[in-house]
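Just so it is clear, none of the values below were taken in a lab; they were calculated from the coordinates. All values reported here derive from a predicted model rather than from experimental measurement. Glycine also receives a Cβ, built like all others from the backbone with ideal geometry; neighbour counts cover every protein chain displayed.
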There are 2 protein chains.
Amino acid sequence: MELQSILTRENFVSSGKSKDIYRIPSGQYKGKYAFVFTDRATGYFDEKGKPVFDPGYDNVVGEIPGKGSVACKFATYFFRLLAKRGIQTHYIDTVSDNVMIVEPATPISMPEQGPEFEGSAPLLNLEWTWRNSAMGSFWRRYPFVRPCADLPQVIEAWTKDKTDTLITFDSLTGAGVMTEEEVSTVKELVKKIAQVIYEEFAARGLHVLDGKIELGRLKSGDGHIALIDEISPDVLRVCNGYKKGENRSCVNARECITTSLSGDKRRISAKYQLSAAELEKIFLK
Amino acid sequence: MELQSILTRENFVSSGKSKDIYRIPSGQYKGKYAFVFTDRATGYFDEKGKPVFDPGYDNVVGEIPGKGSVACKFATYFFRLLAKRGIQTHYIDTVSDNVMIVEPATPISMPEQGPEFEGSAPLLNLEWTWRNSAMGSFWRRYPFVRPCADLPQVIEAWTKDKTDTLITFDSLTGAGVMTEEEVSTVKELVKKIAQVIYEEFAARGLHVLDGKIELGRLKSGDGHIALIDEISPDVLRVCNGYKKGENRSCVNARECITTSLSGDKRRISAKYQLSAAELEKIFLK
């Protein structure tokens, strides 16, 4: 495949924080998209103006050599695994270290319905989280729950903007973003994906706490909803210290979890949580 | 009924922002609660230190003579109406201008499950909103929706704290706050209450945009979930300019609704919305 003739300015579609997207004009994959996983990395600048890489931040502050290739391999591993389990994704093939071919898809979105009103804004995309444990924002929002308590694959939908905003399934259908049938389909799909990922880590003695994915409507075929974007270790929380205890709790929570409260701001972290780099190593051996 | 012998320090249970609660020690209503609607009013202090009354604020800044009696009459009207429609509430009787007898009930709450973790906090209460129109925080959170667009009685649950936090029904059951059966019951109950209130205003040519209520478990009988606290005009949005248009919109939205965006902060207001005082007048003639 002659990538050089595809990855040109005239085929360029758009750029995300770490990926560039190109439309393939001819050949075997005509009409499909090429996802280029770049080395761009998000983070912040410290007091001395030096970039500090941190996937929790949204601004690109520099490049990490090899990052794109690692992300592409990780996503490829999970897209192929999901395909084996019969779960539809936008993935077609991986054609180089850092280039993946995917079905074009549109995010679940909605134009602003009242553009004549100041402050109206389109819904650009939805993100879907699933939670097996009460970590991160779940505990910060609902601090009556025991930190890292077991949850039964709780699924939440978020409207994506500068800050993500929780939206209930009833509001998604009530506002006309999705039909009730689509919501049922999506809940089942997210649960299946979460389960496949859970089992893949569990087979290595690891526990997936929570994760985040994007779904979209495939442009080909009947336009149904499938997993798009990527499976990224940056948005998977996985730990190597989980031990099921009584009352939905993890036996090791006391030694693993640190919480704090400063003003109204809560923080929570887990000592036994693996870094994105550690997760990547597991699947790229 | 000798109220003076009931409303004493030794029978005092607790105080809310505007209500005082007493346990009735003997007589016909032994074991029930007396709700005293006081004249206390919330608001803020202006630059000159003068109190400005505003139900949108949470701090008590003074008293408005007659406020308690009006609130008691308004709540009595709606509790009696709901009883006629077969909807269970904690209401028993109104025994003076500003005193109501109610069944003791406990809010839907949960002790903190991990008190040894800093920042843990109990769930003290849940609030339930229903929305027939995309006003207030619904539009501010989801500005892709047309301001004041029709919504099909969308119900949301909120954990009550300094700021209210949205919680999905799946999270309520997943975290063990309620069972799935209780969630179904509650959704039906809120919808029924919303419908009764809607029709009562509609009979006067008015349109209920949204409202907020509290539910609790009655201490008597089988402890099932019923409407508690009060029906207050402070948390009902009602307008006198609604006219159903196409695509879920109100024909008069363009002249009625004002929105603005300053930084990330959205505002929305409706010219044809009635004030709490106007709502009270309708039912206290």
Quiz item: What order do you get for A:LYS162, B:LYS281, A:LYS32 when you list them from fewest to most C-beta neighbours inside 10 Å?
Solution: A:LYS162, B:LYS281, A:LYS32
Practice problem: Would you mind checking which residues have amide H under 5 Å from A:THR42's amide H? H placed 1.01 Å from N; only 5 or more apart, or other chain. | Solution: A:ASP54, A:VAL61
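Sort A:PHE79, A:PHE169 by Cβ crowding within 10 Å, fewest neighbours at the top. Show your work: numbers first, answer last.
Values: A:PHE79 22, A:PHE169 19.
Ordered by Cβ neighbours within 10 Å, fewest first: A:PHE169, A:PHE79.
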Exercise. Note the distances from B:ASP93 to each other copy's matching label point, with points 7 Å along the Cα-to-beta-carbon direction, in nm, sorted shortest first.
Key: 8.3
Quiz item: Considering only the label points, 7 Å along Cα→Cβ from Cα, what distances in nm to one decimal separate B:PHE53 from the same position in each other copy, shortest first?
Solution: 6.1
Quiz item: What does the charge add up to near B:LYS187, with Lys and Arg as +1, Asp and Glu as -1, over the other residues with Cβ less than 12 Å from its Cβ?
Solution: -4
Exercise. Place the label 7 angstrom along Cα→C-beta at A:GLN28 and in each other copy, then list the distances from the first to the rest in nm, shortest first.
Key: 8.8
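Are there trypsin sites (Lys or Arg not before Pro) in segment A:78-117 that DSSP marks as loop and that have at most 14 other Cβ atoms within 10 Å, and which are they?
Details: sites: A:ARG80, A:LYS84, A:ARG85; in loops: A:ARG85.
Listed in order of number, the matching sites are A:ARG85.
With only Lys, Arg, Asp and Glu charged, each at its Cβ (+1 for the first two, -1 for the last two), find how big the charge dipole of segment B:123-283 is about the Cα centre; round to the nearest 20 debye. Let's see the in-between values first.
Values: 23 positive and 23 negative charges, 166 e Å.
Roughly 800 debye, rounded to the nearest 20.
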Self-check item: Positive-pole candidate from A:TYR77, A:ASN59, A:SER26, dipole of segment A:1-135, charges at beta carbon
Solution: A:TYR77
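Using only the Cα atoms, what convex hull volume per residue in Å³ does chain A have? Let's see the in-between values first.
On the way: hull volume 52.0 nm³, N = 285.
Here the figure is 183 Å³ per residue.
Ignore the peptide's own chain and count Cβ atoms of other chains within 10 Å of each Cβ in B:158-170; give me the average, rounded. The partial results should precede the final answer.
Working: counts 0, 4, 0, 3, 1, 1, 0, 5, 7, 6, 10, 3, 10.
Taking all residues of B:158-170 together, the mean is 4.
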Quiz item: By what distance, in whole Å, do the Cα atoms of segment A:88-179 stretch along each of the three principal axes, largest value first?
Solution: 46, 44, 26
Exercise. Using the Cα centre as the reference, give the magnitude of the dipole from point charges on the C-beta atoms of segment A:70-189 (Lys, Arg: +1; Asp, Glu: -1; all else neutral), rounded to the nearest 20 debye.
Key: 760
Self-check item: Per-selection metrics, segment B:123-283 (Cα): Rg and Dmax in Å
Solution: 16.6, 52
Quiz item: So what are the ³J(HN,Hα) numbers for segment A:246-259, from phi and the Karplus equation (6.51, -1.76, 1.60; θ = phi - 60°), rounded to whole Hz, Gly and Pro as x?
Solution: 7, 6, 6, 10, 8, 4, 8, 4, 4, 8, 8, 8, 10, 10
Practice problem: Please order A:TYR77, A:TYR142 by the number of other Cβ within 10 Å, starting at the fewest. | Solution: A:TYR77, A:TYR142
Quiz item: Magnitude of the Cβ-charge dipole of the protein assembly as shown, K/R +1 and D/E -1, about the Cα centre, nearest 20 debye?
Solution: 40
Exercise. With springs only between Cα atoms under 10 Å apart, run a GNM on chain A and tell me which of A:TYR33, A:TYR44, A:TYR242 wobbles the most.
Key: A:TYR44
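How many percent of Cα pairs in segment B:3-102 exceed 18 Å?
For segment B:3-102, the share of Cα pairs beyond 18 Å comes to 54 percent.
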Exercise. Take the alpha-carbon centre of segment B:266-285, take the same for segment B:175-211, and report the distance between them in whole Å.
Key: 20
Self-check item: Karplus 3J(HN,Hα) series, Hz, for segment A:132-138 with 6.51 cos²θ - 1.76 cosθ + 1.60 (x for Gly, Pro)
Solution: 9, 9, 7, 10, x, 5, 5
Practice problem: Would you compute, for the Cα atoms of the protein assembly as shown, the largest minus smallest coordinate along each principal axis and list the three values in descending order, in whole Å? | Solution: 91, 56, 50
Practice problem: Please list the non-local residues whose amide H lies under 5 Å from the amide H of A:VAL145, H modeled 1.01 Å from N, same-chain partners needing a gap of 5 or more. | Solution: B:GLN113
Exercise. For segment A:134-169 and segment A:25-59, compute the distance between their C-alpha centroids and round to whole Å.
Key: 26
